[in-house]
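First comes the structure, then the notes that go with it.
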Amino acid sequence: MVLSRLLSALLNKAQVVEKLAELRPIRRAAQLTAYAWMKARIAGKDATTKLMKFKTVRQIRHEASGLPKNVGEVGRRAGRLRDSLVNDRKIQPGSGKSEGCSFSI
């Protein structure tokens, strides 16, 4: 408890914070943190872009935006979703090969 109060008091002083910021280990830790954060952000964007290439994902987002009005409409939507899943499973975008999807639901 005493240690936390002492640490808190030291970190609230501008001179101490400035001296700590000049230390190489602190600067390096800040650089590594910023690097890791940027890499994670870029990887997340890339994964989202790849996922949105699949017609099924776009269709699920579109179908989720509107509520079905009756049972017949639910059946039609389910059929379109099934067809889309089958097509995405047969051919991946850009490859032309007959392989499975690269993502799981």
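If you average 1/r over every pair of different alpha-carbon atoms in the stretch 2-89 and take one over that average, what Kirkwood value in Å do you get?
This gives a value of 18.2 Å.
Carbon and sulfur together cover what percent of the accessible area of the stretch 2-89 at a 1.4 Å probe radius?
Carbon plus sulfur share of accessible area: 64 percent.
May I ask you to compute the full-extension gain from residue 16 to residue 83, defined as 0.36 nm times their residue separation minus their alpha-carbon distance, rounded to one decimal in nm?
17.7 nm
Using protein chains only and a probe of 1.4 angstrom, how many square angstrom of residue 56 are accessible, to the nearest 10?
Approximately 0 Å² for this residue.
Using unit Cβ charges (K, R positive; D, E negative) and no other charged atoms, how large, in debye to the nearest 20, is the dipole of the stretch 2-89 about its Cα centre?
It comes to approximately 160 debye.
Taking the Cα centre of the stretch 2-89 as the origin and placing charges on Cβ (Lys, Arg +1; Asp, Glu -1), which of 7, 79, 57 is farthest toward the positive end of the dipole?
79
What is the spin-label model distance, in nm, from residue 45 to residue 90 if the labels are put 7 Å beyond Cα along the C-beta direction?
Distance between the two pseudo-spin positions: 3.5 nm.
For 73, 22, write out the residues from largest to smallest accessible area, computed with a 1.4 angstrom probe and no ligands counted.
I get 22, 73, largest accessible area first.
Arranged from highest to lowest average of other beta-carbon atoms within 10 Å per residue, in what order do the peptides 2-13, 75-86 appear?
With the highest mean Cβ count within 10 Å placed first, the list reads 75-86, 2-13.
Would you calculate the separation in nanometres between label points at residue 7 and residue 32, each defined as 7 Å from the Cα along the Cα-to-beta-carbon direction?
Output for this residue pair reads 1.8 nm.
For the stretch 2-89, what does the accessible surface come to per residue with a 1.4 Å probe? Please give it in Å².
86
The values are calculated or read from the model by the stated rules, or taken from the named source; none is laboratory data. Keep in mind it's a predicted model, so treat the numbers as computed, not measured. In this analysis, Cβ positions are derived from the backbone assuming ideal geometry, glycine residues included, and neighbour counts consider all displayed protein chains. Remember, those area values only see protein heavy atoms, side chains included, never the ligands or the DNA or RNA. Shrake-Rupley method; radii C 1.70, N 1.55, O 1.52, S 1.80 Å.
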